[in-house]
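The values are calculated or read from the model by the stated rules, or taken from the named source; none is laboratory data. Predicted, not measured: the structure shown is a model, and the values here were computed from it. So basically every Cβ, Gly included, is an ideal-geometry build from the backbone, and we count neighbours across all protein chains shown.
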Amino acid sequence: MSRHCRFCHTPLTHTFADLGLSPLSNSYVKAERLNQGEMFYPLHAWVCPSCKLVQLEEFERAENIFNDEYAYFSSYSSSWLAHARQYSEVMTARFGLNAASQVVEIASNDGYLLQNFVAAGIPALGVEPTGNTAEVAIGKGIPTWVKFFGVATAHELVAAGHAADLLLGNNVLAHVPDINDFVGGLKVALKPGGVITMEFPHLLNLIRHNQFDTIYHEHFSYLSLLAVERIFAHHGLALFDVQELPTHGGSLRIFAQHANGPHATQPGLQAVRDKEAADGLDELDIYARFAAQVDETKRALLRFLIDAKEQGLRVAGYGAPAKGNTLLNYCGVRTDLIDFTVDASPHKQGTWLPGTRIPVYAPEKLREAKPDIVLILPWNLKDEIVAAHSYISEWGGRFAVPIPRVEFVA
Ligand SMILES: [Zn+2]
């Protein structure tokens with residue numbers, strides 16, 4: 001079977017990371033399905049030898065992944081809500097947004113971000129494919145279209161008078177199967193002087209900090225500035241600024257406009273281009289070296305968990321994020337090594353993790369079970385989690401993270 005780059009159609013022949021077979025990472029198992037099997041799919045990331053886009057090959061239609069069972073509600077993370085509020089304030093000031101402007105967010109989830117624009121009296125519209133999260137947004141008074149975004153939806157937005165002054169998407173660019181239809185849609189939906197901002201985890205950090213657990217089926221592309229600039233340029237869009245953000249283990253926020261648009265190019269853009277060039281992101285060697293690092297991480301995590309078990313220590317997890325499911329399935333960690341995990345989201349409590357069948361409880365379970373080690377699966381939120389659950393030290397419990405290398409953090 002031949003596979004081709006989702007952007008430039010070059011045949012994909014270079015492996016970035018092969019994580020074997022894994023179930024869809026958001027398919028949490030409910031009690032009534034415990035006696036059923038689960039589908040496992042290849043989880044294999046490739047790098048395009050031509051444009052250097054790191055990507056999974058498409059294996060299942062997006063409609064089957066982002067269905068109404070999709071369990072991720074943005075509003076359950078307090079640090080993410082603060083990030084969204086700050087973004088809204090800064091963009092409003094920088095681009096002079098007011099009651100005559102139109103803000104459009106793609107993948108607006110439960111309205112975690114647009115609620116800030118609505119409260120400030122700036123017209124805002126969300127486009128969100130998952131019905132249950134969109135309903136929450138609509139309930140909060142945030143106009144939301146339940147749709148996938150692409151060229152066709154962009155034309156509908158323009159026809160309905162919603163061409164955007166600010167067109168944004170956080171953690172969506174990496175999740176779209178047809179990146180050309182998506183970026184082509186951005187071009188259509190943007191007003192002549194408008195600004196696009198997109199946030200996505202930065203491939204440079206994934207490589208530098210060993211974040212291979214952020215590879216999962218719903219996440220089709222792993223983006224560098226280099227690849228994104230190529231894709232945007234192909235669709236008549238020009239980047240004029242980029243910011244490095246701490247979210248999701250190190251993200252980029254790119255700023256784009258129509259080619260020859262009014263916004264001056266900022267020095268931050270060249271700085272990130274130079275950083276990527278210095279690490280060799282336009283060469284294939286760096287991608288080829290990554291696989292060995294992934295194998296080594298698996299051996300170290302298993303050694304840590306087996307040692308804990310042999311010392312008679314009880315180990316629990318904290319969190320049930322998609323990245324935890326990639327890690328646990330790749331490493332083959334089940335209830336033989338981690339007794340249970342806990343998560344603040346009521347949508348995940350009372351389920352079992354896909355593939356590994358580790359039960360998910362509410363965080364109160366920690367006080368009851370008093371585990372000796374709590375392994376933080378969403379390592380990007382470790383400071384928030386450690387601060388909120390420092391009481392585990394009352395019984396001698398300690399927090400650890402698995403990535404970039406397994407170690408105690410408190
Ligand atoms: Zn390519």
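Can you pull out every residue in region 1-58 that is within 13 Å of the ligand (Cβ to nearest atom) and acidic (Asp, Glu)?
Scanning region 1-58 gives a single hit, Glu57.
Could you list all residues from region 126-144 that are within 20 Å of Lys191 (Cα to Cα) and surrounded by fewer than 21 Cβ atoms within 10 Å (Cβ to Cβ)? Quick ask: steps written out before the conclusion?
Of region 126-144, the ones within 20 Å of Lys191 (Cα to Cα) are 126-127, 143-144.
Pro143, the sole residue that qualifies.
Among the residues in region 158-167, are any in contact (Cβ under 8 Å) with a residue 24 or more places away in the chain, assigned to a helix (DSSP H, G or I) and assigned by the TED database to the domain that holds Glu244?
Scanning region 158-167, I find at least one residue that is in contact (Cβ under 8 Å) with a residue 24 or more places away in the chain, assigned to a helix (DSSP H, G or I) and assigned by the TED database to the domain that holds Glu244, so the answer is yes.
Considering only residues that are surrounded by 14 or more Cβ atoms within 10 Å (Cβ to Cβ), within 30 Å of Leu226 (Cα to Cα) and more than 20 Å from the chain's Cα centre (by Cα), which ones fall in region 294-326?
Within region 294-326, Thr297, Lys298 qualify.
Just checking, does region 198-205 include any residue being modelled with pLDDT of 95 or more and either of a type in the set (Val, Ile, Thr) or more than 24 Å from Tyr222 (Cα to Cα) (or both)?
no
Could you pull out the residue among Phe240, Phe200, Phe232 that is assigned to a strand (DSSP E or B) and under 23 Å from Pro49 (Cα atoms)?
Working: Phe240 fails: under 23 Å from Pro49 (Cα atoms); Phe232 fails: assigned to a strand (DSSP E or B).
None of the others qualify; the one that does is Phe200.
Across region 327-338, what is the total count of residues that are surrounded by fewer than 23 Cβ atoms within 10 Å (Cβ to Cβ) and touching a helix residue (DSSP H, G or I) at 6+ places or on another chain (Cβ under 7 Å)?
First, pick out the residues of region 327-338 that are surrounded by fewer than 23 Cβ atoms within 10 Å (Cβ to Cβ): 331-332, 334-337.
Narrowing the set further to residues that are touching a helix residue (DSSP H, G or I) at 6+ places or on another chain (Cβ under 7 Å) leaves 331, 337.
Selection size over region 327-338: 2.
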